[in-house]
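Okay, structure first, notes after.
Rule-based calculations on the coordinates, nothing more; no lab input. Quick caveat, the model's predicted, so the values are computed rather than measured. Virtual Cβ from ideal backbone geometry, glycine too; neighbours counted across all protein chains shown.
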């Protein structure tokens, strides 16, 4: 291969390192975002549990007011029982008194159940608060670690980018333009080696998409320093050293 294809091959190698360094930096930053999202998720869970607790309190207060009113009815019925003027009236008041007491007992049980629920909810709120504090500590540690790593990674990116720029200067404008365009399409993989299909003479394929490449295209790559692109995926095709020697 001539200087153009050699330059593009070298640029592909540097491009791979550059993208790997950028991906590493992105992972460091993403680790902080993940921790932040976990804190927000716990905070949302705490708010939801607090709202649930508040609704239970409102319901409990309403039932306690109702029970208080019914207790007053019990006192009135007791008084009416003592002032009954006939057995029939006494029996009617007693039935109503027993019914009210039974209803009050049900209310008391409901209130007790709600109090148990509130106790459980309060414990869950406290547990979530502890989780939030622990997660915030992890987040702070992750931030510190990520900041240190980011500085190192940014330095590495700058170094590799400078190398990329130097290699790019050796490549003519049009091939470089093609490289950049294809690299954006395939996440940096702009150059693909031609692969010879095992057991078949003069049968070749693109190392990027594995579709067939004509022998004529391979001959052009052997004899000329031109950009030949895969007709299927449009990657820039290059030969291996073994293919060039042949």
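Overview of values
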{"item": "For segment 47-117 versus segment 140-203, the gap between their alpha-carbon centres in whole angstrom", "result": "77 Å"}
{"item": "Computed E for residue 26/residue 144 - FRET, C-beta separation, R0 22 angstrom, nearest 0.05", "result": "0.75"}
{"item": "Rounded to 10°, Cα long-axis angle of helix 173-185 versus longest principal axis of the chain", "result": "30 degrees"}
{"item": "DSSP beta bridges in the chain [antiparallel fraction, %, rounded to 5]", "result": "65 percent"}
{"item": "Taking only Cα atoms of segment 175-245, radius of gyration then Dmax in Å", "result": "11.7, 37"}
{"item": "For segment 10-156, convex hull volume per residue from C-alpha positions, Å³", "result": "102 Å³"}
{"item": "log10 of Debye I(q)/I(0), alpha-carbon scatterers only, for segment 76-204 at 0.13 Å⁻¹", "result": "-0.90"}
{"item": "Antiparallel %, DSSP beta bridges [both residues in segment 175-245], to 5", "result": "65 percent"}
{"item": "Cα long-axis angle, helix 87-169 against the chain (0 to 90 degrees, to the nearest 10)", "result": "20 degrees"}
{"item": "The chain: Rg to Rh, with Rh as the Kirkwood radius over Cα pairs", "result": "1.53"}
{"item": "Separation in nanometres of the label points that stand 7 Å from Cα toward Cβ, at residue 193 and residue 69", "result": "8.6 nm"}
{"item": "Rounded to 10°, Cα long-axis angle of helix 3-82 versus longest principal axis of the chain", "result": "10 degrees"}
